């Protein structure tokens, strides 16, 4: 029985209780959210990762992507990225490896990952095709589904599948025209395969087969945005929206089959369209959890795209997005290194926390209030403990060139808090 099937039957599972405790809501709240498709509980039956709730009424979650490329394969580095991402607070990890021994890398990451893990199976299909002396274009639907089954059996908690990239949705984006065409790797691979084989997308055409696999392992489907906009000029176009309409229909089919679903969203979206994108997704996809990449609110900040993504992510989460995929300073430039991962996670956590404050989540409000009180008391140890990045906070504090142990080196004896305290004694 999947978590969704349990919820629909009125049952409260141990995993639902664990999520409820973390979120400070009732187990019934979690169960009912799952039953409506407004919450997913990521927990493959074959692995003991900590259960995680994503969706309506819960705190905003952050994902960190790691994984090799064909240009750089270093398992130790990927494990260090994993360690750092978890250490600084990532709620989930996605292994997007495309280079080296992909199966072996994933299995080792699974062994070392205490939080839910996601993958994009089509990456493995494309990356390993040459090992069989063939092109990705020569792969068969059976090979696609064999890889998906493999991921499910190994304990992958959620997978991105680009089921909405169809002949119809591709025709719509092409008829309108785009500045940057398709920027989703999975989407581009699918379109190329469809064109060369003159066939429909296997993940759409054989969607019931996909549901059977996901249900067997209670593997959440993250319906990917293969036609997401890759630049501001392409945001909210016909291709993006036609794919989203289809994803909403597939979500309904999945729920009837007992399979949990979340929906992936754009990409590059200007600030004035962020809220509209969230409202459209929630309406067309019946309140399903929304997983957004960024969104990035400008195209001109390579090297600082963790900032553009945090701006968009905060806006999106405030408007109702549930789950932020981090963006690192290396976005558009290179494979992220360990420090990029650290910065990406922390910056996205700031966006998520800001949205939780605006959404009046008790945990977020209590933490901000505790920080205010620690500042009033000039309690630096507590300020460091409460900060979103204690390591950096402590480092900056200890580097100050000041003999004043109470204040910071910017204000010293002119510290407003110290002055106020002195006046209070008069």
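Observations, loosely collected:
- The angle between the Cα long axis of helix 362-376 and the longest principal axis of the Cα atoms of the chain comes to about 30 degrees, rounded to the nearest 10.
- The tail of the calculated P(r) for the range 363-425, taken as Cα-Cα distances beyond 16 Å, holds 50 percent of the pairs.
- With both labels modelled 7 Å from their Cα along Cα-to-Cβ, the residue 46 to residue 418 distance reads 6.1 nm.
- Acute angle (nearest 10 degrees) that the helix 185-197 long axis makes with the longest principal axis of the chain, alpha-carbon atoms: 10 degrees
- When you restrict to C-alpha pairs under 8 Å that are six or more residues apart and normalise by the size of the chain, the relative contact order lands at 15 percent.
- Computed from the alpha carbon positions, the gyration tensor of the range 137-207 leads to an equivalent ellipsoid with semi-axes of 24, 14, 10 Å, biggest first.
- Computed FRET value (nearest 0.05) for residue 24 with residue 358, which takes r as the C-beta separation and R₀ as 25 Å: 0.90
- Relative exposure of 50, 282, 256, judged by other C-beta atoms within 10 Å (fewest first): 256, 50, 282
- Stretched out straight at 0.36 nm per residue, the stretch from residue 279 to residue 339 would grow longer than its current Cα-Cα span by 18.2 nm.
- Shape descriptor for the chain: Rg over Rh equals 1.00 (Cα atoms; Rh from the Kirkwood inverse mean 1/r).
- In this simple spin-label approximation, residue 408 and residue 256 carry label points 7 Å from Cα along the Cα→Cβ vector, and these lie 5.7 nm apart.
- Pairwise label distance in nanometres, residue 391 with residue 180, each label 7 Å out on the Cα-Cβ vector: 3.0 nm
- Going by neighbour counts of Cβ atoms within 10 Å, the residues 79, 335 line up, fewest first, as 79, 335.
- The angle between the Cα long axis of helix 141-154 and the main principal axis of the chain comes to about 40°, on a 0 to 90 degree scale.
- Ranked by how many other Cβ atoms sit within 10 Å of their own Cβ, fewest first, the residues 280, 148, 102 fall in the order 280, 102, 148.
- Top of 283, 343, 373 by mean-square fluctuation, Gaussian network on the chain, Cα under 10 Å: 373
- Length added when fully stretched, residue 304-residue 36, from 0.36 nm per residue minus Cα-Cα: 92.7 nm
- Annotation: extensible slack from residue 400 through residue 188 equals 71.3 nm (criterion: 0.36 nm per residue apart, minus Cα-Cα distance).
Coordinate-derived values only; no laboratory data. As the structure is a prediction and not an experimental result, all values here were calculated from the model. Quick reminder, even Gly has a Cβ in these numbers, built from the backbone with ideal geometry, and neighbours come from all protein chains shown.
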